[in-house]
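The values are calculated or read from the model by the stated rules, or taken from the named source; none is laboratory data. Since this is a predicted model, take the numbers as computed values, not measurements. Cβ placement follows ideal geometry from the backbone for every residue including glycine, while neighbour counts extend to all protein chains displayed.
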Amino acid sequence: MYTQGLDQAGKRDAAARGEETAAQLDAFQARIDAEEKIEAKDWMPEAYRRTLIRQISQHAHSEIIGMQPEGNWLTRAPSLKRKAILLAKVQDEAGHGLYLYSAAETLGVSRDQMVGDLLSGKAKYSSIFNYPTLNWADIGAIGWLVDGAAIMNQIPLCRCSYGPYSRAMVRVCKEESFHQRQGYELMLTLCRGTAEQKAMAQDALNRFWWPALMMFGPNDAISGHSAQSMAWKIKRFSNDELRQKFIDVTVPQAEFLGLTVPDDKLKFNEETGHYEHSDIDWQEFFDVIAGNGPCNKQRLAKRCKAQDDGAWVREAARAYADKKAAAAAAA
Amino acid sequence: MSKQEWPLYEVFIRSRAGLSHRHAGSVHAADDEMALSNARDTYTRRTEGVSIWVVRSEQIVASDPAETAAFFEPAEDKIYRHPTFYEIPDEVENL
């Protein structure tokens, strides 16, 4: 669903090993500048490879963990229709995670390694999934705002310089639009319902608005790793540019619902054509990233349990495959 | 963690009859049969395919990107293989 590019800064030591010549680096950058796609087995700077592995695997982990807040409501969806839609959406998130793991594996990292890093807490995933889903309207708010923010982020990634990642993103983006529209429609239905239902929708917007804005990552001024990712055309727009774009398109959608965006400084600037907004509470963002959000522990514990509970299935399938292969060899 | 990772399969999908199979991505599976159903669940949730091929990734034989120039060089200087190489007067039709 989403990539925040969380911890790419300060870890770019591989290139410094000196195995990469200036000529190689220049030739690589020339390919990037010519908008050529880089493919799996092509030569690439070690730092480019590592940046991508980190970003794509974080993105994959976000999709996988992202199934939990929504999965929380599967058994309590208010109608069979809503339940079928939510099931399909959660299944899509699993699919997105798998496309992305598959893309990351082309860079030479194994699936087990990536999953291991998630379960050990070493790898990060998007901050947004550490917030709880407290009422049914949260499912609408997630589709509308979280998937909406994800789309803003992911559309430019379809043009990312790394071929396998960009192709995975094209696939993801095609499916993401369903996610956002079902979420908005859910909100619309609540807003046209009883006063109590509309209040639920407002409550969901109040709680998800700021975390959704944080999904774009830190302000450009403090987001140190952006420049290199931009030069490599992994990233096409800055965090703040994308965030502004999201706010500009989303505020009118909230107005249509008759809901109030929880920001008393929000106002449209006629001159710039953009909305102005309050400062974001970055302390909250960094706390969540550091593992201290409302649900970090719960999310990871649940993922670890699922992995452990599935161990016998994986082993049994392996044993069955071995037995069949042995029988085929003997025949 | 499982002690041993399930093997990786590359997935190729024919989106409709008349088109060739095209690489979609990869899946892990314990065996061929599971690879097919995993590929179906992962890559064709919206009727994107009418046929799937899966093949163990380790079985793919690929050209080396580092050798691309040399490997494809024999085709580079044979421009006479293209119809535009031949100059035919405009008056000659149907050629």
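Quick one: is A:Glu315 touching a strand residue (DSSP E or B) at 6+ places or on another chain (Cβ under 8 Å) and without any contact (Cβ under 8 Å) to a residue 12 or more places away in the chain? Even if it seems obvious, please write down each step before you answer.
On the way: touching a strand residue (DSSP E or B) at 6+ places or on another chain (Cβ under 8 Å): no; without any contact (Cβ under 8 Å) to a residue 12 or more places away in the chain: yes.
No, not satisfied.
Just one of A:Lys83, A:Lys89 is in a helix (DSSP H, G or I) and either surrounded by fewer than 20 Cβ atoms within 10 Å (Cβ to Cβ) or more than 14 Å from chain B (Cβ to nearest Cβ) (or both); which is it? Step through it out loud before you land on a result.
On the way: A:Lys89 fails: either surrounded by fewer than 20 Cβ atoms within 10 Å (Cβ to Cβ) or more than 14 Å from chain B (Cβ to nearest Cβ) (or both).
Selected residue: A:Lys83, the only one of A:Lys83, A:Lys89 that is in a helix (DSSP H, G or I) and either surrounded by fewer than 20 Cβ atoms within 10 Å (Cβ to Cβ) or more than 14 Å from chain B (Cβ to nearest Cβ) (or both).
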TODO: Return a yes/no flag: does region A:104-111 have any residue that is at pLDDT 95 or above, of a type in the set (A, V, I, L, M, F, W, C) and within 18 Å of the chain's Cα centre (by Cα).
DONE: yes
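Just checking, which of A:Tyr131, A:Tyr162 is under 25 Å from A:Gln244 (Cβ atoms), more than 12 Å from every other protein chain (Cβ to nearest Cβ), hydroxyl-bearing (Ser, Thr, Tyr) and touching a residue at least 60 places away in the same chain (Cβ under 8 Å)? Before you say what the answer is, go through the steps one by one.
Details: A:Tyr162 fails: under 25 Å from A:Gln244 (Cβ atoms).
The unique qualifying residue is A:Tyr131.
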Task: Output for region A:36-80, where each listed residue is farther than 20 Å from A:Leu145 by Cβ, away from every other protein chain (no Cβ under 14 Å) and among the acidic types (Asp, Glu) - done: A:Glu46
- [ ] Tell me which of these A:Ile142 doesn't satisfy, since it passes every other one: (1) buried (at least 24 other Cβ atoms within 10 Å of the Cβ); (2) of a type outside the set (Ser, Thr, Tyr); (3) within 14 Å of chain B (Cβ to nearest Cβ); (4) over 29 Å from B:Glu5 (Cβ atoms).
- [x] (3)
Task: strands (runs of 3 or more DSSP E) within region B:1-68 that include 2 or more residues in contact (Cβ under 8 Å) with a residue 24 or more places away in the chain and at the interface with chain A (Cβ under 9 Å from one of its Cβ atoms) - done: B:8-14, B:22-28
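Take the residues in region A:165-188 that are small (Gly, Ala, Ser) and in contact with a Phe, Trp or Tyr (Cβ under 6 Å, 6 or more places away or on another chain); name whichever of them is nearest to the other protein chains (Cβ to nearest Cβ). Before the answer, list the steps.
First pass over region A:165-188, keeping only residues small (Gly, Ala, Ser): A:166, A:168, A:177, A:183.
Of the ones still in play, those that are also in contact with a Phe, Trp or Tyr (Cβ under 6 Å, 6 or more places away or on another chain) are A:168, A:183.
Numbers: A:Ala168: 7, A:Gly183: 18 Å.
The qualifying residue nearest to the other protein chains (Cβ to nearest Cβ) is A:Ala168.
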Task: Residue among A:Arg243, A:Arg299, A:Arg314 that is surrounded by 11 or more Cβ atoms within 10 Å (Cβ to Cβ), within 14 Å of another protein chain (Cβ to nearest Cβ) and of a type in the set (D, E, K, R) - done: A:Arg314
- [ ] Find all pairs meeting these conditions: Cβ atoms under 6 angstrom apart; at least six residues apart or on different chains; first residue within region A:184-201 and under 16 Å from A:Leu145 (Cα atoms); second residue among the polar types (S, T, N, Q).
- [x] A:Leu190/A:Gln197; A:Met200/A:Asn135
